[in-house]
Amino acid sequence: MIEITNNIRKLVSSLSETKHRKRSGLFKAEGTKCVLDTAEAFDSKYIFATEKWIDEYGTQLPILSRSTLVKCSSKDLERMSGLTTPPQVIAVYHIPEFTLCPDNITQELTLALDSIQDPGNLGTIIRTADWFGIRDILCSNTTADVYNPKVVQATMGAISRVRLHYCDLKSVISAIADSVPIYGTFLDGENIYSSALDGKGIIVMGNEGNGVSDDVAQLIDKRLYIPSYPYGAATSESLNVGIATAITLSEFRRRII
């Protein structure tokens, strides 16, 4: 049985910050649903839980995860948690390393995120991508960290099925631009509902305030627009990027069902 020391408490608490996640190579997932949805997908270092939680849910963990299960008090969990209401379980996982396979990008529909900043938006986008069968997401290096606890929470388990690749977005898209169509969402684009859409390609979603960056925009073959209704009526300036992603992916998938 692992004894919880002050150093362990400090380590788990520190994983709310990007620099400590990068330094340790670890991230945390909090709460029953989040832990049960992710325990099979990631290599766990610790899973801290109350005795009551272990009695109720412990057998639902994979065997390897059960070997890292540590019984602790609610007070310990409160000190390690970043949530307003402390959970009864916190998992600490090793950050996985994914290899970007060009075949996956050129033969499937892939999402690319250009400087998405809000953790809630990123989590929603990952959850939406999972629903629509997107397995790889390209992220600019300025996109929010997927292992931020707020993002992990917002994905509702989708983080265990969708791979995020942080990269120089312009360079990666440039390298495969001749192989697949590159789509992007813009306020001056072509109506998505009357546009020709392919079952494969890259869909670029831009920053919440600034949209797609100029460098990446130059690589886009087809600029798409989600029209408001009714045409010409006063409306919001733009859609939330998470909502826009859901509408865009839904329309692409609708064409091939």
Practice prompt. First obtain the Kirkwood hydrodynamic radius of segment 93-189 from its Cα pairs, then insert it into the Stokes-Einstein equation at 20 °C and 1.002 mPa s, and state the resulting D in µm² per second as a whole number.
Written response: 154
Worksheet item: Non-local amide H neighbours of Ala112 (under 5 Å, H modeled in plane, Pro and chain starts lacking H): which ones?
Response: Leu138, Ile203, Val204, Met205
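Heavy atoms only, probe 1.4 Å: what % of the accessible area of segment 1-156 goes to carbon and sulfur, would you let me know? Before the final figure, lay out each step's value.
Numbers: 3700 of 7780 Å².
Carbon with sulfur: 48 percent of the solvent-accessible area.
Based on the mean of other beta carbon atoms within 10 Å per residue, what is the order of 122-132, 246-256, 190-200, most packed first? Don't jump to the answer; show the numbers that get you there.
On the way: 122-132: 22.1, 246-256: 15.8, 190-200: 13.3.
Top of the packing list down: 122-132, 246-256, 190-200.
Over the chain, give the accessible area per residue in Å² for a 1.4 Å probe, as an integer. The partial results should precede the final answer.
On the way: 13210 Å² over 257 residues.
Heavy-atom accessible area per residue stands at 51 Å².
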Response to the item:
Amide H proximity to Thr50 below 5 Å, modelled H, separation 5+ or other chain, gives Cys72
Discussion item. At a 10 angstrom cut-off on C-beta neighbours, averaged per residue, how do the peptides 171-181, 138-148, 89-99 rank from highest to lowest?
Written reply: 138-148, 89-99, 171-181
Worksheet item: What per residue convex hull volume, in Å³, do the alpha-carbon atoms of segment 1-126 yield?
Response: 138
Fill in: Cα gyration tensor shape of segment 183-237, rounded if a/c is under 1.5, else prolate or oblate by comparing a/b with b/c
oblate
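Placing unit charges on C-beta atoms (Lys and Arg positive, Asp and Glu negative, everything else neutral), compute the dipole magnitude of segment 176-257 about its Cα centre in debye, rounded to 20. List each step's numbers first, then the result.
Values: 6 positive and 10 negative charges, 87 e Å.
My answer is approximately 420 debye.
Tell me the volume per residue, in Å³, of the convex hull enclosing the alpha carbons of segment 54-130. Mind dumping the intermediate values first?
Numbers: hull volume 13.4 nm³, N = 77.
About 174 Å³ per residue, rounded to a whole number.
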Fill in: Neighbourhood net charge (15 Å Cβ-Cβ; Lys/Arg +1, Asp/Glu -1) for Gly25
+2
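Determine the shape class of the chain: with a ≥ b ≥ c the square roots of the Cα gyration tensor eigenvalues, call it rounded for a/c under 1.5, and otherwise prolate if a/b is greater than b/c, oblate otherwise. Mind showing how you got there, number by number?
Working: a/c = 2.31, a/b = 2.10, b/c = 1.10.
Prolate is the answer for the chain, as a/c is 1.5 or above and a/b outweighs b/c.
The values are calculated or read from the model by the stated rules, or taken from the named source; none is laboratory data. Since this is a predicted model, take the numbers as computed values, not measurements. Positions of Cβ are generated from backbone atoms using ideal geometry, with glycine treated the same way; all protein chains shown enter the neighbour counts. Each accessible area value is taken on the protein alone, full model and side chains, heavy atoms only, with ligands, DNA and RNA left out. Shrake-Rupley method; radii C 1.70, N 1.55, O 1.52, S 1.80 Å.
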